[in-house]
Amino acid sequence: MAATLFQKVWDLHTVRTLPSGQTQLFVGLHLVHEVTTPQAFDMLRQHGWAVAFPERTFATVDHIVPTSSQKRPFLDMMAEQMMSALEHNCLEAGIKLWAPDSENQGIVHVIGPELGLTQPGMTIACGDSHTSTHGALGAIAFGIGTSQVRDVLASQCLSLDPLKVRRIEVSGRLSRGVYAKDVILTIIRRLGVHGGVGFAYEYGGNTLEAMTIDERMTICNMSIEGGARIGYVNPDETTFAFLRGRRFAPAGDAFDRAVAWWRTMATDANAAYDDRVAFDASTIEPTVTWGINPGQSVAVTEPIDAAPGDEALEFMGFKTGTRVQGTRIDVAFIGSCTNGRLSDLEEAARVVRGHHVAKHVKALIVPGSQAVRRAAEARGLHEVFIDAGFEWRGAGCSMCLGMNPDKLEGRQISASSSNRNFKGRQGSPTGRTLLMSPAMVAAAAIAGEVVDVREVLEGVPA
Amino acid sequence: MSAQPQASSSPAAGPVAQVTGRGLALRGDDIDTDRIMPARFLKAVSFEGLEHHLFEDDRAADPRHAFGDPRYAGASILIVNANFGCGSSREHAPQGLARAGFRAMIGRSFSEIFQGNSAMLGVPCFVAGGAEIERLQALVEATPEAMITVDVATGMITAGSLRVEAALPPALRDGFLSGQWNPTAMLLQDFDEVRAVAARLPYLTGF
C-alpha cells in the first residue's frame, strides 16, 4: 500500500504497541547537549540503569558555550559545571562527545548533518525542539523532554503516539532576495503557530526540490514554530550528493546500497495525506516578524495589520498600519541552528562586501559549528565581516537564547537570523527580536535599520 | 531492569485517577516555555528550585500576573488557553509547574512536547472547548477558593454546579489510570524485541 515517508519510518522502527496503547518506537540516532541531559543521566544512576546503545548517542555542547573565548574553564561557573557534567556523563557511558576543544563542536543540529550522522529513513531524537531540522535529509526527527532523554538512554526507545501528515506543497521560483527563511515564515504566518499540532509536515513541490540541503534545513528547523513537532523533505539526488563522503555516511559499495534503500523510504507517488496545503513561492517577499511569536510576520514593505492594543504590538512598540521597514536596530545577529551554516554566511557576505556596519549597531556573526567557521575562513568570509565591523565569533547558540554571555540589554531591538521572537528569548526580559533571513540581517546591520534586501542586492552580482 | 521506576524528579507516582484542588486561571494564547521558565534558569544540572522562577519575567513586567496573585496560593489545577507550552522542549517548564504543586492542567490546546513532558511527570493536560475554558477561568477568577475535580477516566471537570467535559489522548488517559504514565519500565521489558528492531535497520547493519 502506498505510504508516506513518515509512515514507513514509523512502522520500521516500531517495537510494539505498549499496554497504554502508545507505540514503542526505536530511536536510530540520539543527539544530546549540555542543557537538557544532566538530570536524565542522574535519573539513570538513581535506578541503576545502563545506557543501552551508547554507540547510537552523540554529544556536543552549544547552548552555554561563550562564543568570544571558548577557553576552559569557562568564566561562568554554572556553564563550566554543566560542561563538566556532560564530559563526566559521556565518559562514564561511553558516548562520543565533541567538546569545544575538538574540531567538530557546534550546534547539535548543525553538526549532525555536517558529520553525516543524520541520514534518510532514520528516527532521530534530541532534547531540543529544533531537532525537526534533521528532517531536511528525510529523517523523522523530533524534540523530546529530559525524562524522555532518560528513556532513550535507558532503552533507545520512546513511548509515543503517531502523528498525522500534512503535505505542504511549495511551487514556483523565489525572487532574488527571498530565501528559505521567508518561505517558512510565510508558511507559519498562514497556518498559524499551532496549526501544526498533531501533524508532521512533509514539505515538497518544485521549490523545495530546487533547494539545497541547507535551505531545506532552515525550513524543517522552524516546523516546531508552526506547532509541528516533525518536518521533513523526501530524500532525493540532492540529499544523496550532500551525504556522499561525510564522516559517518556509508562509504564505497555501502553508499550505493544505502542510496537504493533511501529511495525506497521516500513517500510513494499515490500516498494519502491527512491534509494538503499549497503555497506559491513566486509571491513570497522578504519577510520579518513584528510580534512575539514567529507567526506574527509581514512582508518588509507591508503594513502591520494587528489591532491597536494588541499585546505583541505594545511589547514591540509598533503601531497598527506602520511598516517594519525603517525600524532602527541596536543589534544584528547572524547564526543559530536555523541560519548559521556556510551558505547563510555566504549570502550575508554578498550583502556586506564593501560596506560597513552602522555606528550604533553591535553586529555578530556566529558560525553554527567549528567546521562552518573553518570553511568560511578558508573562503575569506571572516575578513569580509571583520572589515565591515562585525564580530567574528566561535561556534554556539549565542544570542538565539539567553544562556551564554551573548544577550540583548534592556529594550534593545535585534535583527536576528534565529528562530524565536518570544518575549525575553534573547536574554533581556524586555529585549525585542525581529526575525528575518541572514541577508536581511546583514542589510539591516549596514543600514542601521530594517531595509528591503532586494534594494541592496540591485547592482550586486548574483 | 524490571524494577518499577520511581520518578524521583516528579511529584507523583502510581495511578492518577482524579485530581482535586483549587484552580489558577492564566489567560492568553501561545504562552511559550521561554515565558514559563526563562532560559537563564536552565543553567543548572538539576531541576531543584525551578518552582520559584515560574513566569519570573512576566511577573516582573505585570504586577497583576496570575502567578503573583496571592488569591491563587496553593492552587493545583492550571487553566490556560490555546497552544500553552509552545516553543522550546525544555522539561524545566512542566518541572517548575509540578514542583509548584500543579497536578493537572486544562486548556484549549497544548503543544505536543509540553503535553508529553507533563505526562512524564504524572501531570495530565486536558483539552476542552473555548467556551468551557472561558467558563472555568471566569469561575476561578470570581471564586479562587472553589474546589475543582477532574476525573481522568471520563474527562469530566466539576466545580460546584459547573460541569465541563474535557479530554486526554486515550493512551495518556489509560497510562494515568493504570499508573503506567512513566514508561521506562515498559520500554525495558522484553528487550530482545528492541534488539530485533535494531538488527533489521539497514543503517545499523551496514546496509
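Of note:
- Region A:229-266: number of residues that are touching a strand residue (DSSP E or B) at 6+ places or on another chain (Cβ under 8 Å) and farther than 12 Å from A:GLY121 by Cβ: 4
- Criterion violated by A:ASP274 - all others in (1) more than 10 Å from chain B (Cβ to nearest Cβ); (2) surrounded by 17 or more Cβ atoms within 10 Å (Cβ to Cβ) satisfied: (2)
- Every residue from region B:153-190 that is crowded, with 19+ Cβ neighbours inside 10 Å, more than 7 Å from chain A (Cβ to nearest Cβ) and assigned to a loop (DSSP other than H, G, I, E, B): B:ALA166, B:LEU168, B:TRP181, B:ASN182
- Listed by first and then second residue, the pairs linking a residue in region A:14-29 that is small (Gly, Ala, Ser) to a residue that is assigned to a strand (DSSP E or B), with Cβ atoms under 6 Å apart and 6 or more places separating them unless they lie on different chains, are A:GLY28/A:THR123.
- Taking every residue in region B:191-207 that is in contact (Cβ under 8 Å) with a residue 12 or more places away in the chain and at the interface with chain A (Cβ under 8 Å from one of its Cβ atoms) and pairing it with any residue that is among the small types (Gly, Ala, Ser) and surrounded by 11 or more Cβ atoms within 10 Å (Cβ to Cβ), at least 6 positions away or on another chain, the pairs with Cβ-Cβ distances below 9 Å are B:PHE191/A:ALA52; B:PHE191/A:SER155.
- Hits in region A:314-327 - residues which are within 26 Å of the chain's Cα centre (by Cα) and not polar (S, T, N, Q): A:PHE315, A:MET316, A:VAL324
- The residues on offer are A:GLU87, A:GLU92, and the sole one that is surrounded by fewer than 22 Cβ atoms within 10 Å (Cβ to Cβ), in contact with a strand residue (DSSP E or B) (Cβ under 9 Å, 6 or more places away or on another chain), in a helix (DSSP H, G or I) and at pLDDT 95 or above is A:GLU87.
- Residue count for region A:152-199 satisfying the condition of being touching a Gly at 6+ places or on another chain (Cβ under 8 Å), in a loop (DSSP other than H, G, I, E, B) and among the aliphatic types (A, V, I, L, M): 3.
- Subset of region A:432-457 [touching a strand residue (DSSP E or B) at 6+ places or on another chain (Cβ under 7 Å) and among the small types (Gly, Ala, Ser)]: A:ALA442, A:ALA444, A:ALA445, A:GLY448
- Test set (1) in contact with a Gly (Cβ under 9 Å, 6 or more places away or on another chain); (2) within 13 Å of chain B (Cβ to nearest Cβ) - A:GLN70 fails condition number: (2)
- Selection within region A:318-338 - out of contact with any strand residue (DSSP E or B) (no Cβ under 9 Å at 6 or more places or on another chain) and free of Cβ contacts under 8 Å to residues at least 60 places away in the same chain: A:PHE318, A:LYS319, A:THR320, A:GLY321, A:THR322
- All conditions in (1) farther than 29 Å from A:ARG373 by Cα; (2) in a helix (DSSP H, G or I); (3) away from every other protein chain (no Cβ under 11 Å) hold for A:GLY112, with the sole exception of (1).
- Breaking point among (1) among the charged types (D, E, K, R); (2) touching a Cys at 6+ places or on another chain (Cβ under 9 Å); (3) free of Cβ contacts under 8 Å to residues at least 40 places away in the same chain, for A:ARG420: (3)
- Selection within region A:73-83: residues that are more than 9 Å from chain B (Cβ to nearest Cβ) and assigned to a helix (DSSP H, G or I). The member of this set that is farthest from the chain's Cα centre (by Cα) is A:MET77.
- Subset of region B:19-61 (residues that are of a type in the set (Lys, Arg) and either touching a Phe, Trp or Tyr at 6+ places or on another chain (Cβ under 8 Å) or within 10 Å of another protein chain (Cβ to nearest Cβ) (or both)): B:ARG22, B:ARG35, B:ARG40, B:LYS43, B:ARG59
- Condition check for B:MET120: more than 11 Å from chain A (Cβ to nearest Cβ), of a type in the set (A, V, I, L, M) and under 10 Å from the mean Cα position of the chain (by Cα): no
- When the helices (runs of 4 or more DSSP H) confined to region A:203-317 are screened for residues that are free of Cβ contacts under 8 Å to residues at least 12 places away in the same chain and hydrophobic (A, V, I, L, M, F, W, C), those reaching at least 1 such residues are found at A:237-243, A:253-265.
Table: residues versus (1) among the basic types (Lys, Arg); (2) modelled with pLDDT of 95 or more.
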{"site": "A:ILE304", "(1), (2)": "no, yes"}
{"site": "A:ALA307", "(1), (2)": "no, no"}
{"site": "A:THR320", "(1), (2)": "no, yes"}
{"site": "A:GLN325", "(1), (2)": "no, yes"}
{"site": "A:ARG328", "(1), (2)": "yes, yes"}
{"site": "A:PHE333", "(1), (2)": "no, yes"}
{"site": "A:GLY340", "(1), (2)": "no, yes"}
{"site": "A:ALA348", "(1), (2)": "no, yes"}
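- Qualifying residue in region A:20-32 (condition: surrounded by fewer than 19 Cβ atoms within 10 Å (Cβ to Cβ), over 15 Å from A:GLN105 (Cβ atoms), within 11 Å of chain B (Cβ to nearest Cβ) and not polar (S, T, N, Q)): yes
- Selection from region A:135-193 of residues that are under 20 Å from the mean Cα position of the chain (by Cα) and among the acidic types (Asp, Glu): A:ASP182
- Check on A:ALA59, crowded, with 17+ Cβ neighbours inside 10 Å, touching a strand residue (DSSP E or B) at 6+ places or on another chain (Cβ under 9 Å), away from chain B (no Cβ under 14 Å) and among the hydrophobic types (A, V, I, L, M, F, W, C): yes
- Test: residue in region A:351-359 that is closer than 19 Å to A:ILE111 by Cβ, modelled with pLDDT of 95 or more and surrounded by 24 or more Cβ atoms within 10 Å (Cβ to Cβ): no
- Selection count, region A:378-395, where residues are in a helix (DSSP H, G or I), in contact (Cβ under 8 Å) with a residue 24 or more places away in the chain and more than 17 Å from A:ALA447 (Cα to Cα): 1
The values are calculated or read from the model by the stated rules, or taken from the named source; none is laboratory data. Being a predicted model, the structure only gives us computed values, none of them experimental. As a convention, Cβ positions derive from the backbone with ideal geometry for all residues, glycine included, and neighbour counts pool all protein chains shown.
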